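Beneath this line is the structure, given in structure tokens, with notes to follow.
Where a number appears in this text, it was derived from the coordinates with a stated rule and is not lab data. No experiment lies behind these values; they were computed from the predicted model shown. All Cβ positions, even for glycine, are placed from backbone atoms using ideal geometry, and neighbour counts span all protein chains on display.
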Amino acid sequence: MRRVAVILLAAGQGNRAGGAVAKQYRLLAGKSVIALNLQAFSSDAVGAADGLLIQPVIADGGADDFQAARGAFSTLPPVPGGVTRQQSVLAGLEALAPHHPDLVLIHDAARPLLTAALIARAIDAAASSGAALPVMPVVDTIKSMDAQGRVGATIERMHLRIAQTPQAFRFTSILDAHRQAASAGRTDFTDDAALAEWAGLTVTTFEGEAWNMKLTHPDDFAKAEAHLVAQLADIRTGQGFDVHAFAPGDHVMLCGVRITHDRGLSGHSDADAGLHALVDAILGALAEGDIGAHFPPSDMRWKGASSDQFLQHAVARVSARGGMIAHLDVTLICEAPKIGPHRDAMREAIARIARVPLHRVAVKATTSEKLGFTGRGEGIAALACATIRLPWKE
Ligand code: MG
């Protein structure tokens, strides 16, 4: 049984891609670039019986960002990268050495759209040739230019290929090659196939994928997101409803926001009717039961619990099904407290907890014109609607 490891390179700062967040932590269709990579490498379809050993290499000080971005996928503890890509790869190889993998795939996290089929081809290629990289044919005509910007020559493209990752190697060969390059003072190889050639290894190729593109410019993110969203054609809406009664107290929790009030809300958890209605709406869209089934009130773990974790759980269920949240909409029904002044804070809290953009979250409020239990000020009711997108499966 061969043991296959992966080095996931996520140490770059990604300045060319724009945005305040490093590109490996940006969200695409509701998932971080890191999580999309981990989803592909963790797929059963890669054909590794006991799964791949994934060694992330991250920017120094980026452990919290990585932890938040990895979602439910498990990896080895991340190690910090070096100044150059080559040094980051060596850091990953040295961290993997005590695990004695037979093969290693070295992949740039900036290519998150790779498929399990490509990963399976990489493993086969490494097993049969010892060193291989995925390539794509060059379809455009290529010109070389002189210093004055004039065309020097038209390059024969038949022998040219575009290099991608994951590049795949017998572990001990590429570790030795990297150690040799480092002791020879080389730090500037931009891919591992080039370093392997330098060390005298024979490098073969296998078929890459058009969508295994490197996210570099802002447009690439839009293209990648459109590609991912198009696969989520099962669009579902779920509804939720919740009520909590007023009780003595000095504040209420609503949609993740603490509001000072002359009464509190009674409940087993923090009695956040807004978040509870949202959780049921998401579970309804998934057809996965209700909040009481996932978090039984009889379970003492949830006594006084913050409802943030209930919403995080429902969102994690959507991710586990390979889907995304398209929209969340809550209506709070009460005479008091006044919701309007807290509406923006509530939208921000829901967006933060559910990890969705603010423009995909709505909070509304109404009274019931002094009618019924909400009108008499006996409690607060909440209605919610969740729209989610899942991969289409019959
Ligand atoms: Mg409730």
For the chain, modelled as a GNM with alpha-carbon contacts under 10 angstrom, which of GLN67, GLN148, GLN164 fluctuates the most? GLN148
So for segment 311-367, averaging the separation of alpha carbon pairs under 8 Å that are six or more residues apart and normalising by length, what relative contact order in percent results? 47 percent
Report the local net charge at ILE155: Lys and Arg +1, Asp and Glu -1, summed over other residues whose C-beta lies under 13 Å from its C-beta. +1
Local electrostatic count, LEU358, Cβ distance below 11 Å [Lys/Arg +1, Asp/Glu -1]: +1
Can you figure out the FRET efficiency of ASP50 with GLU288, using R₀ = 30 Å and their beta-carbon distance, to the nearest 0.05? 0.60
Residue among ALA193, GLN180, SER43 farthest towards the positive dipole end of the chain, charges placed on Cβ: ALA193
Given a Förster distance of 22 angstrom, what is the FRET efficiency for ALA68 paired with ALA316, based on the Cβ-Cβ distance and rounded to 0.05? 0.95
With a/c under 1.5 counting as rounded, go ahead and sort segment 188-250 into rounded, prolate or oblate using the C-alpha gyration tensor (a ≥ b ≥ c being the square roots of the eigenvalues; past the cut-off, prolate if a/b is larger than b/c, else oblate). prolate
Report the relative contact order of the chain, percent, no decimals, based on alpha-carbon pairs under 8 angstrom and at least 6 residues apart. 15 percent
List residues of segment 259-283, by number, whose backbone nitrogen lies under 15 Å from a label position 7 Å along Cα→C-beta of GLN309. 268-272
Cross-chain or 8 or more residues apart, Cα under 23 Å: how many lysine pairs in the chain fit that? Count them up, please. 10
Neighbour-count ranking for VAL135, VAL33 (other C-beta within 10 angstrom, fewest to most) reads VAL135, VAL33
Would you tally the net charge around PHE241, using a Cβ to Cβ cut-off of less than 15 Å, leaving PHE241 out, and scoring K and R as +1, D and E as -1? -4
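For the chain, what is the calculated [θ] at 222 nm in deg cm²/dmol (nearest 500), taking -39500 (n - 2.57) for each run of four or more DSSP H residues and dividing by its residue count?
Helix contribution divided over all residues of the chain: -9000 deg cm²/dmol.
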Exactly which chymotrypsin sites (Phe, Trp or Tyr not before Pro) in segment 30-104 are in a DSSP loop and have at most 12 other Cβ atoms within 10 Å? none
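Please report the relative contact order for segment 269-394, taking Cα pairs under 8 Å with a sequence separation of at least 6, and give it as a percent rounded to a whole number.
Taking the mean separation of contacting Cα pairs over the length of segment 269-394, I get 36 percent.
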Cα lying deepest toward the dipole's positive end in the chain, options LEU93, GLY375, THR204, charges on Cβ: THR204
Write down Rg/Rh for segment 282-386, rounded to two decimals, with Rg from the C-alpha atoms and Rh from the Kirkwood relation over Cα pairs. 0.99
Comparing GLY82, GLY149, GLY238, which has the greatest mean-square fluctuation in the GNM of the chain with Cα pairs linked when under 10 Å apart? GLY149
Could you line up CYS334, CYS255 from fewest to most neighbouring Cβ atoms inside 10 Å? CYS334, CYS255
In debye, nearest 20: dipole of the chain around its Cα centre with unit charges on the Cβ of K, R (+) and D, E (-)? 380 debye
Subtracting the Cα-Cα distance from 0.36 nm times the residue separation, let me have the gained length for ARG301 to GLU209 in nm, one decimal. 28.4 nm
Contour excess over end-to-end distance, with Cα ends at ALA117 and ALA182 and 0.36 nm allotted per residue: 20.1 nm
Label-point gap, in nm, between ARG3 and LYS223 - each point 7 angstrom along Cα→Cβ: 3.9 nm
Kirkwood estimate for segment 243-321, i.e. one over the average of 1/r between Cα atoms, Å: 12.9 Å
Charge dipole (debye, nearest 20) of segment 1-115; +1 at Cβ of Lys and Arg, -1 at Cβ of Asp and Glu: 340 debye
Given +1 on the Cβ of Lys and Arg, -1 on the Cβ of Asp and Glu, and no further charges, what dipole in debye does segment 184-300 carry about its Cα centre, rounded to the nearest 20? 220 debye
Could you tell me what fraction of 2.2 N^0.38 Å the Cα radius of gyration of the chain comes to, as a two-decimal ratio? 1.21
Sparsely packed GluC sites (Glu not before Pro) within segment 345-386, loop by DSSP, other Cβ within 10 Å at most 16: GLU369, GLU378
Fluctuation leader among LYS143, LYS338, LYS223 - the chain, Gaussian network, Cα springs under 10 angstrom: LYS143
